[in-house]
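The values are calculated or read from the model by the stated rules, or taken from the named source; none is laboratory data. Owing to the predicted nature of the structure, the values given are computational and were not obtained by experimental measurement. In this analysis, Cβ positions are derived from the backbone assuming ideal geometry, glycine residues included, and neighbour counts consider all displayed protein chains. Just the protein is used for accessible areas: all its heavy atoms, side chains included, with ligands, DNA and RNA removed. Shrake-Rupley method; radii C 1.70, N 1.55, O 1.52, S 1.80 Å.
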Amino acid sequence: RITSPLRVEGTAPGDWFFEAVFPAELRAADESVLAESPAQAQSDWMTEAPVPFVAELPFTVTQETPATLVLREDMPGDAQAPREIRVPVVLVPAS
């Protein structure tokens, strides 16, 4: 259960980044995008080692809404689907 804005911090492999960012999204149950923001590298991203990142996703809902946080690599290799992490969440209206 989360309120707006959702702040996401973590680490991702350096090869997930392009120009020091990768996409972060909140998606509804129907896969429509509710919010999106670049996840910004917090240190040198030109590595294969884990790199810390931060993303902030503001959103507006009027009732509790099931959603999914999607973190996806920005530059997959040729003919490869991008790697991604999906985390189920419930968006809660502001009080």
> Tell me, what is the per residue accessible area of region 1-81 in Å², probe radius 1.4 Å?
Replying inline: 58
> Charges only on Cβ, +1 for Lys and Arg, -1 for Asp and Glu: so what's the dipole of the chain about the Cα centre, in debye to the nearest 20?
Replying inline: 400
> Ranked highest first by average number of other Cβ atoms within 10 Å, how do 42-50, 5-13, 66-74 line up?
Replying inline: 66-74, 5-13, 42-50
> Under the Karplus relation 6.51 cos²θ - 1.76 cosθ + 1.60, θ = phi - 60°, what is the ordered set of whole-Hz ³J(HN,Hα) values for region 13-20, x standing for Gly and Pro?
Replying inline: x, x, 7, 7, 8, 10, 6, 6
> Over region 39-84, what percent of the accessible surface lies on carbon and sulfur atoms, probe 1.4 Å?
Replying inline: 50
> Counting alpha carbon pairs within less than 8 Å and at least 6 residues apart, what relative contact order, in whole percent, applies to the chain?
Replying inline: 36
>> For a protection proxy built on the mean count of beta-carbon atoms within 10 angstrom, sort 18-30, 83-95 highest first, please.
In response: 18-30, 83-95
> Given R₀ = 35 Å, FRET efficiency for Val90-Phe18 by Cβ-Cβ distance, to 0.05?
Replying inline: 0.70
>> As a test, work out the antiparallel percent of DSSP beta bridges whose residues both lie in the chain, rounded to the nearest 5.
In response: 95
